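Have a look at the structure below, then the notes.
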Amino acid sequence: MTTLPVTTLLVNAVGLTAMMMIVWWFWLWKPRNAVGTKDGVIDIRVANGTYTPALIDSPAGQPLTLRVLREDASPCAEYLIIEGLGISEPLPVNRLHMLMLPAMAAGEYRFHCQMNMYQGILRVR
Amino acid sequence: MSTLVRFSIPAMKCGGCARKIRAALEPLAGVHDIAIDITGKSVALRIDGNDSAPVMAALAQAGYPAESVSADADPETEPDHCSIDGPPRQIESGGDGMRLAITGATCASCVRTIETALSSVPGVEQASMNLADHSAHVMGGANPQDLIAAVEAVGYGASVVEDEDSLEEERERAEQKLYRRLMRDTWLALGLGAPLMAWMVFGGSMMVHAGAASQLGWLLIGMLTLAVLVFAGGRFFVGAWKAAVHHNANMDTLIAIGTGTAWLYSMVAVLAPSLLPEQARHVYFEASAMIIGFINLGLALELRARGRASQAIKRLLGLRATTARRVADDGGEADIDIAQVTTGMRLRVRPGEKIAVDGVVESGSTLVDESMLTGEPVPVSKQAGDTVSAGTISQQGSLIYRATRVGKDTVLAQIIALVKKAQGSRPPIGRLADQVSAVFVPVVMLVAIAAALVWFNVGPEPRASYAMVALTTVLIIACPCALGLATPMSVMVGVGKAAESGILIRQGEALQTASELTTIILDKTGTITEGKPSVTKVFGYAGWSEDEVLALAAALENASEHPLAFAVMEAARARSLTAAMVSDFVAENGKGVQARYRDQLVRIGNLRWLREQGVEADVAATDVVSITDQAGTPLYLALDKALIGVIGVRDQIKPDAHAAVARMHARGLKVVMITGDVRSTAEAIGREAGIDEVIAEVLPADKASHVRVRRDRGELVAMVGDGINDAPALAEADVGFAIGTGTDVAIESAGIALMRGSLHGVVDAIAVSSATVRNIKQNLVGAFLYNVLGIPVAAGLLYPLTGMMFSPVIAGLAMSLSSVTVVSNANRLRFFRANPAGEVV
């Protein structure tokens, strides 16, 4: 039995659509709903392979305190790295960890785990 | 100059309070960078100058009276801006009780109030507060939040002081729990997957045949596989979903899509076989289950291997004492918890015991083993006036010492913090892997779909099956973890290994650069030489005797802190000479000192300076040669314009300096010595130590420019100095090495700090750095090659040649082993020996 042309078309359409969706979802999509800081403090939860929130807005020129709670015992999540600030901070498990950042210049600062699997962006503007 | 000031504000309760406080402070002139911490009930800000009174007044007027809890001048120079210095962290009660940091307490009445409040919390067995260090010690099983609330309810602030021991215990507990869960999931998944694999390998059919029996049988196995995916692999799916919602993709994404696709395809074959061509009605339940099993197994093995990689920190933590023996004013002695030791306390250490905190010896003498901190195997003699460090061991004799640094301030605690931080730092060599791993997963997903479409469109029958296998295998074989782990694992082990030898590598960048150096510039005094000069010769002229010269010189040097001055005074003391009376002492940095003696100007210093002052020294030429030929430094003494004496001072070179320089040469390094000493003396020392090039008669301030000139020529330069006098040159170099004697080294002053005075430490640091960078390269090459070769093979690139496709199960096994391989390779560094020839250190 040969595969019907319509099936071939369908499979190809689904495959190509999936590829376009991947490109859009992971690279072209521009985040809109960032979480703002409250009085210079933001809580970040590290669990299930993600930082929550993963997109944070903070005003420029002001220090920021990150209160990070790492719930994932996997060594993957052990360090929080903030690019551009030279920060590589070990996170304790199941304990709130305070990280005080200095006043920052406007810009985007990526933060991620050692293996780049947990990812987030700190937007300072 | 700005000042960082922290205020404790007990009345601050909520976000509304914080807004009001900010509104009160922001209009104030000269106030910047206001950081409000509601939990810690504190405000940190910078003020121009150091007058915090206007801030206190504004806070009081806003209804939030405050007390200044700390003020640090010029905070921009603080080495660690991001340390957890302000509001503390919360921890749970450990077996030894819990320490709370208390704010707002000022008197004995406060202490009673706080102790009563803490004692009233259910579960508290005993609560005591120490006003001296504003801490409370609570025994029992109370909830930390309840304790904090109880203290806040009576008008004070409290937070739990982090305790490294309990943090480490918590981490180990969590990792052990994770390990057990991973192994359980492994057996669960393999328990289903292995029999199915065996069935297939021994000729059993994996096809869905026409008829209800076949479909029902596979449906049952499909449901069991679903159970495996949910119970043993559920977190991969949750992680993948959560990451996708955040527009991220990670390893979970690949595993979830890979195993999920295999299961879904199989279920389509079972439930609606007519949708697939007859040859494509194949099930892949065994692949889903086996992949989940192998990946869990890989994660468990990786967890174990990583535990071994972080042994350096465990070893350092294990050096800390848990109790100290306090000596009361009446001479009575009692063991107390280490948390209760405060600065100023008198403590006793007995033979074989650990020294509990940093301190200064008041009485007694002993030999102290400092090797655990410095790498120096020879015990150090300690007597009254000497400093001792927490974690070192008194070998014989008993000491009474006064605590000078406790808790997080001890050298040991600083080393632990520094090593922990450095273990997470990232050398530039890992940047490519970072960039690749940041986009790796979506790229792999695209490749997997593209491969599947190619198989579906131009592949042989059953095309659907081949497409599904290609898709799953590509997704599963790709291993972003191996790439991501390659650099940090090696850095973790390498930095820890270095710390075991008293080498503190502060940044990943220093580690990498140290492995690429071309030139080493060594300061002379205290680096090549012992830094303890002694007088070897004294000459008198114009009718002055040797003793008169020495007595006058001692009077001049009395107010100086230069090492040569100590040598002159020591020589005068040895001859029982009485120092002459001088006045109007003035020191000229790098030149000498002058003062008034019986209405005449008397100077002691180097020849160049005295010549500038019009002093002629030709009469001493022959005597000076006899000093410099033996690597001594001549000090010229003049009364007005007349030379009246020359003193020869010699600083012995360290016994192992020559061997260490030889090791530097063996690594292809050019070794340069820089000194303010006269050329002839410097050259004599240079010859003795085997130095390639000597830069002499350099003022301290000009050392940095000599480093800069060499860097401008394209050399990669290391500067080795004491970290205090050489700080600008250390900062100018590509890598600065601060070298100290024992635990006195300024560990924050350079990229690499050496806790022992031997120059072998420099070579050892370079050797460890080179080995670590080599290990990183091996890991990176392995991880890149694995992915670059594995993914095309998984996509079926070899099929035209071999007629074989890679099995998804094999891909799962390879993927799980790839990260274990990276971690294991990094662990090899634990057995690295920087000085295998065993030169005398």
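Couple of notes before you dig in:
- Tallying residues that are closer than 21 Å to residue B:45 by Cα and at the interface with another protein chain (Cβ under 8 Å from one of its Cβ atoms) within the stretch A:98-115 yields 6.
- Being of a type in the set (Gly, Ala, Ser), within 27 Å of residue B:682 (Cβ to Cβ) and free of Cβ contacts under 8 Å to residues at least 40 places away in the same chain is a property that holds for residue B:587.
- Meets criteria (assigned to a loop (DSSP other than H, G, I, E, B), without any contact (Cβ under 8 Å) to a residue 40 or more places away in the chain and of a type in the set (Gly, Ala, Ser)) for residue B:385: yes
- Odd one out for residue B:242, checked against (1) facing chain A (nearest Cβ under 10 Å); (2) open to solvent by less than 70 Å² (accessible area, probe 1.4 Å): (2)
- Test: residue B:302 is among the charged types (D, E, K, R) and under 23 Å from the mean Cα position of the chain (by Cα): yes
- From the options A:51, A:79, residue that is more than 7 Å from chain B (Cβ to nearest Cβ), among the aromatic types (Phe, Trp, Tyr) and open to solvent by less than 40 Å² (accessible area, probe 1.4 Å): A:51
- Under the condition of being farther than 15 Å from residue B:322 by Cα and surrounded by 14 or more Cβ atoms within 10 Å (Cβ to Cβ), the residues counted in the stretch B:336-349 number 3.
- Options B:502, B:531, B:526: the member that is touching a Gly at 6+ places or on another chain (Cβ under 6 Å), at positive phi and of a type outside the set (D, E, K, R): B:502
- Residue in the stretch B:370-410 that is farthest from the other protein chains (Cβ to nearest Cβ), counting only those that are surrounded by fewer than 23 Cβ atoms within 10 Å (Cβ to Cβ) and β-branched (Val, Ile, Thr): B:400
- Residue match in the stretch B:295-316 (condition: open to solvent by 60 Å² or more (accessible area, probe 1.4 Å), over 19 Å from residue B:437 (Cα atoms) and modelled with pLDDT of 90 or more): no
- Within the stretch B:698-718, not a single residue is in a strand (DSSP E or B), open to solvent by 40 Å² or more (accessible area, probe 1.4 Å) and either more than 23 Å from residue B:591 (Cβ to Cβ) or in contact with a Ser or Thr (Cβ under 9 Å, 6 or more places away or on another chain) (or both).
- Filter result for residue B:530 (over 30 Å from residue B:644 (Cβ atoms), touching a residue at least 40 places away in the same chain (Cβ under 8 Å) and surrounded by fewer than 22 Cβ atoms within 10 Å (Cβ to Cβ)): no
- Residue among B:323, B:259 that is away from chain A (no Cβ under 11 Å) and open to solvent by 10 Å² or more (accessible area, probe 1.4 Å): B:323
- Considering only residues in the stretch B:191-237 that are surrounded by fewer than 18 Cβ atoms within 10 Å (Cβ to Cβ) and among the hydroxyl-bearing types (Ser, Thr, Tyr), the one that is nearest to residue B:476 (Cα to Cα) turns out to be B:205.
- Residue in the stretch B:465-484 that is under 30 Å from residue B:279 (Cα atoms) and either among the acidic types (Asp, Glu) or not in a helix (DSSP H, G or I) (or both) present: yes
- Residue A:7 being facing chain B (nearest Cβ under 7 Å) and out of contact with any Leu (no Cβ under 6 Å at 6 or more places or on another chain): no
- Residue match in the stretch B:462-469 (condition: more than 10 Å from chain A (Cβ to nearest Cβ), without any contact (Cβ under 8 Å) to a residue 24 or more places away in the chain and not small (Gly, Ala, Ser)): no
- Scanning the stretch A:31-48 for residues being surrounded by 15 or more Cβ atoms within 10 Å (Cβ to Cβ) and in a strand (DSSP E or B) gives a total of 8.
- Unique residue being modelled with pLDDT of 75 or more, under 29 Å from residue B:138 (Cα atoms) and either touching a Leu at 6+ places or on another chain (Cβ under 7 Å) or open to solvent by 40 Å² or more (accessible area, probe 1.4 Å) (or both) when the list is B:54, B:65: B:65
- Listed by first and then second residue, the pairs linking a residue in the stretch B:197-214 that is over 12 Å from residue B:269 (Cβ atoms) to a residue that is among the polar types (S, T, N, Q) and open to solvent by less than 70 Å² (accessible area, probe 1.4 Å), with Cβ atoms under 9 Å apart and 6 or more places separating them unless they lie on different chains, are B:199/B:205; B:205/B:214.
- Unique match (being touching a Gly at 6+ places or on another chain (Cβ under 7 Å) and charged (D, E, K, R)) among A:39, A:43, A:72: A:39
- The residues of the stretch A:104-122 that are closer than 14 Å to residue A:61 by Cα and surrounded by fewer than 19 Cβ atoms within 10 Å (Cβ to Cβ), listed by number, are A:105, A:106, A:107, A:108.
- Taking the criterion of being surrounded by 24 or more Cβ atoms within 10 Å (Cβ to Cβ) and of a type in the set (D, E, K, R), the residues of the stretch B:753-776 that qualify are B:756, B:764.
- Residue A:71 open to solvent by 30 Å² or more (accessible area, probe 1.4 Å), within 10 Å of chain B (Cβ to nearest Cβ) and closer than 21 Å to residue B:483 by Cα: no
- The set of residues in the stretch B:424-438 being part of a helix (DSSP H, G or I) and within 8 Å of chain A (Cβ to nearest Cβ) consists of B:434, B:437, B:438.
The values are calculated or read from the model by the stated rules, or taken from the named source; none is laboratory data. Because the structure is predicted, anything quoted here is derived from the model rather than measured. Counting neighbours? That spans all protein chains shown, and the Cβs are built from the backbone with ideal geometry, glycine included. Ligands, DNA and RNA are excluded from the accessible area calculation, which covers all protein heavy atoms including side chains. Shrake-Rupley method; radii C 1.70, N 1.55, O 1.52, S 1.80 Å.
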